[in-house]
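All of the numbers you see were taken from the coordinates with simple rules; none came from a lab. Bear in mind that the values here come from a model prediction, so they are computed numbers and not experimental data. With ideal geometry, Cβ positions are generated from the backbone for all residues, glycine too; neighbour counts draw on all protein chains shown.
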Amino acid sequence: MLGADSWSRRQHQVRLSGMRSAILAAAVAAIASILGLAGTLDFPDAKLLDLCFRLRGVQRPSPAIALVASPLTPPAFLTVSDGTRCPERS
Amino acid sequence: MILLDVLLDEPGPSPGEDATLAQAMRQVGNVVLPATVVHTGVSGQAKGVVPLDLFASAAWAVGHTLLTESAADGVLRRLVLVPPPVGEAGFPQGSFAAIGAAALDGSATAAGGRRSSAAPQPGRHGRPGAQLIDFAGPAGTYFPLPARLFLEDQAAASLLAGRIVIVGSALPESHDAFLSPFSSGGAEGMSGVEVQANCVAALLARRPLRTCGPTIILAAT
């Protein structure tokens, strides 16, 4: 668990890093646009969304949610999407 | 509320253990199980995969875990709220994450309520059909607690009090990983269980993420 100060510092660093990524992404998008490549992306809203995520940076996870991951792999984890089963790990 | 992100569609090696799990689920009375869709055959026909009756009858509800990955870049950006028809009787119409979110904010019946028959409702959870996932950050932002912790130390259960607990596998062997908007070249995929955490958080948000208008998109691109 991060303390409030260290969380703020980390968030600030992440935000700066996000800004750099965003500027770089915008520059790449501009060059792509000039070169006529932007049309091939065909999903500007998705790219814009990704850019917004990077600009915003990492948010504090919701305190209402807890994740528990099991290292005790039950058989269900070994069932792949087509219904076949992977070999069990030794 | 416990979202057990494990597809219990086949019996385990020991019927006794399956019965014990079902009994435990019935005893706690707040477990939500997932269902999904697989595409089979050359035609890619959709087929619903639901939990065994033994487990479905013991669960508080069953919800689907359908997500929408972009056909263009394979990145996951939306969760499906209303599933497409899969021709499977009893396939849940409510989303796994929406059932969990509704239970936490006290509107459980709005997301499907008990069992899987009720359809999701539009409203604060965004437009029906699909919802943008408001990712908190890259993979690892929601750090999973190891299940072993709770087996070894009963007091650790206090960490989970009053929260939605999502249980699943973060192991690479489970092949349950997705590209998120934070993924970049060669980046580690986000585990399905962490994706579900982001989905629940997105549905709990007072201001759900929405796409902006075409004018803003045009101006930005």
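A few notes on this one:
- As a proxy for reagent exposure, ranking B:MET1, B:MET190 by other Cβ atoms within 10 Å from fewest up yields B:MET1, B:MET190.
- Other residues lying with their Cβ under 14 Å from the Cβ of B:ASP5 contribute a combined charge of -3, Lys and Arg counting +1, Asp and Glu -1.
- Going from the fewest other Cβ atoms within 10 Å to the most, the residues A:ILE65, B:ILE166 appear in the order A:ILE65, B:ILE166.
- 5 angstrom amide H check on B:LEU67, placed H, neighbours 5+ away: B:VAL80
- Cβ-to-Cβ counts within 10 Å put B:ASP134, B:ASP105, B:ASP153 in ascending order as B:ASP153, B:ASP105, B:ASP134, the fewest first.
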